[in-house]
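The values are calculated or read from the model by the stated rules, or taken from the named source; none is laboratory data. None of these values were measured; they are calculated from a predicted model. FYI the Cβ positions are ideal-geometry reconstructions off the backbone, even for glycines, and counts take in every protein chain you see. Only protein heavy atoms, including side chains, enter the accessible area calculation; ligands, DNA and RNA are left aside. Shrake-Rupley method; radii C 1.70, N 1.55, O 1.52, S 1.80 Å.
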Amino acid sequence: MRVGITGHRGLGADIERQVRDLLDSAVRGGDGADLVGVSCIADGPDAWFAEYVLAHGGSLEVVIPAEEYREGLPEEHWAVYDRLLSRAAEVHRTGMAVSDSAAHMAGSEILVGLVDELWAVWDGKPARGYGGTADVVAYAERTGVPVRILWPGGASR
C-alpha cells in the first residue's frame, strides 16, 4: 500500500508525543514490508512518519517541492532531512526553484497523485496559508484519494 503524509508543523511537546504515538501505531497496523510511505520529509509529522515507515520495514519515496526547499526548513532539521533523503527509494521533484506556498502545494499534489491513501495530522481547521494541511486534504478529497485523519482527541494547536 502507498500512503502519503501531510500535517501541521510546530506542534507543542504534548501534542507531538500523541501524534508520534498515532503515527507509529498506524504504521505498525499495516504490513510494514508492503508499505511505501511518501513524504516531503519536512520537520514534524512528515519526518516522523518517514522514520516509522523505515523502522517497520517499509520503503520511502520523497517529494521535493522546490530546489530551495531544504533551506526553508529549520536548520536543526537539516540532518534529519538529509538522512531521510539518503534512504529514499525514489525522489520526485516539482521542478520549481523557490520554496513558497505554490511549490509546497505543487509538491503535495504530486504526493497525493502517488498514493492510495493520505494520512493527515490535521486539527480540522482551515489552512493558515495556501498549501496548508487543509488544502492538501481538500485536494485529496477532490481527486478521490481516501483521507485518514490522525489527530489526538481534544487537542488544539
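Suppose we keep only residues that are in a helix (DSSP H, G or I) and basic (Lys, Arg) within segment 51-92. Which one would you say is least open to solvent (accessible area, probe 1.4 Å)?
70
Does residue 127 satisfy the condition of being closer than 26 Å to residue 13 by Cβ, of a type outside the set (Phe, Trp, Tyr), open to solvent by less than 50 Å² (accessible area, probe 1.4 Å) and in a helix (DSSP H, G or I)?
When the stated conditions are applied, residue 127 does not pass them.
Any residue in segment 13-24 that is at pLDDT 95 or above and of a type in the set (Lys, Arg)?
For segment 13-24, residues at pLDDT 95 or above and of a type in the set (Lys, Arg): present.
Quick check on segment 31-39. Is at least one of its residues of a type outside the set (A, V, I, L, M) and either touching a Cys at 6+ places or on another chain (Cβ under 9 Å) or surrounded by 21 or more Cβ atoms within 10 Å (Cβ to Cβ) (or both)?
yes
Given the conditions (1) open to solvent by 30 Å² or more (accessible area, probe 1.4 Å); (2) assigned to a strand (DSSP E or B); (3) among the polar types (S, T, N, Q), report the number of the one that residue 6 does not fulfil.
Every condition holds for residue 6 apart from (1).
Being assigned to a helix (DSSP H, G or I), aliphatic (A, V, I, L, M) and surrounded by fewer than 20 Cβ atoms within 10 Å (Cβ to Cβ) is the filter here; which residues of segment 93-104 pass it?
102
Would you pick out the residues in segment 105-124 that are buried (at least 20 other Cβ atoms within 10 Å of the Cβ) and outside any helix (DSSP H, G or I)?
The answer is 115, 118, 119, 120, 121, 122.
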